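Take a look at the structure below.
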Amino acid sequence: MSRKAIGRLVLWWCAAAFLFPQLRVFAAEATAGHGGTITGFVKLEGPVPKLPPPQIVKSKDVCKNVPNETLVVGPDKGIRYAVITLEGAPAGAEDQTEAVHELDNAGCRFVPHVQVMRVNQMLVLKNTDPILHTDHAFFQGAQPQFNVGLYPGKVTRKPMVSTGVVKILCDVHPWMSAYIVITENPYHAVSDAYGEYQIGDVPPGVYRLKVWHESLGTQEQKIEVKEGAASKMDFVFTAAKEGKP
């Protein structure tokens with residue numbers, strides 16, 4: 001093909017992509033991954049319990065309006081901070097282990113209250129409050145526990161080398177708590193303020209989809225993921241069901 005013909009072909013494609021946006025969509029889809037997507041909601045059934053506010057016993061000039069985040073129920077009874085994981089999925093790309101996650105001490109609460117990360121990723125601990133905090137981590141697996149003192153502005157890093165649920169407390173301010181769920185693969189999510197979650201680019205297969213919540217416990221359901229398709233799975237909890245982290 002001559003250079004002139006190639007030039008005409010390029011100009012035609014650019015014009016067609018401008019005039020017909022669906023061509024750009026088709027091109028993007030052609031280069032995207034071939035995994036499936038899992039979506040759904042985590043919701044509460046029955047009355048929403050009224051939780052007492054945290055008992056602020058010190059640093060009251062800084063620790064104001066601290067919310068109780070042990071059970072956050074949003075619109076249409078969607079449950080926030082539920083962790084959804086895919087059991088039995090492949091480990092995924094090794095370069096994803098280089099991702100870094102943060103846990104901040106801000107307003108006398110841990111931010112975010114709940115997060116999920118892959119094993120061997122790094123956790124950055126920081127303190128943006130003008131007072132001393134500690135990040136005291138309690139692990140269920142082989143991960144060595146740590147207790148880090150964080151003066152204002154201090155930042156430190158810890159590798160998460162064992163899977164499981166991690167509970168983090170502040171020894172200075174006992175009402176503060178956070179949870180980190182560490183998984184073997186990258187197929188996980190945390191439900192948002194509406195209780196919605198999404199896990200993308202999942203390899204086709206049959207798996208166990210698991211949801212965990214700090215006060216409501218855990219549930220599991222079998223799910224099949226098909227190539228390029230969306231699978232929907234909802235979970236419903238009741239406030240009367242107590243769970244152990």
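The values are calculated or read from the model by the stated rules, or taken from the named source; none is laboratory data. Note that this is a predicted model, so its numbers are computed, not measured. Quick reminder, even Gly has a Cβ in these numbers, built from the backbone with ideal geometry, and neighbours come from all protein chains shown.
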Return yes or no: is GLN143 assigned by TED's automatic domain parsing to the domain that holds ARG109, out of contact with any Asp or Glu (no Cβ under 6 Å at 6 or more places or on another chain) and in a strand (DSSP E or B)?
no
Taking the criterion of being over 17 Å from the mean Cα position of the chain (by Cα) and crowded, with 21+ Cβ neighbours inside 10 Å, would at least one residue in the range 183-203 satisfy it? no
The residue that is nearest to HIS213 (Cα to Cα), considering only those in the range 154-163 that are surrounded by fewer than 16 Cβ atoms within 10 Å (Cβ to Cβ) and either at pLDDT below 95 or charged (D, E, K, R) (or both), is SER162
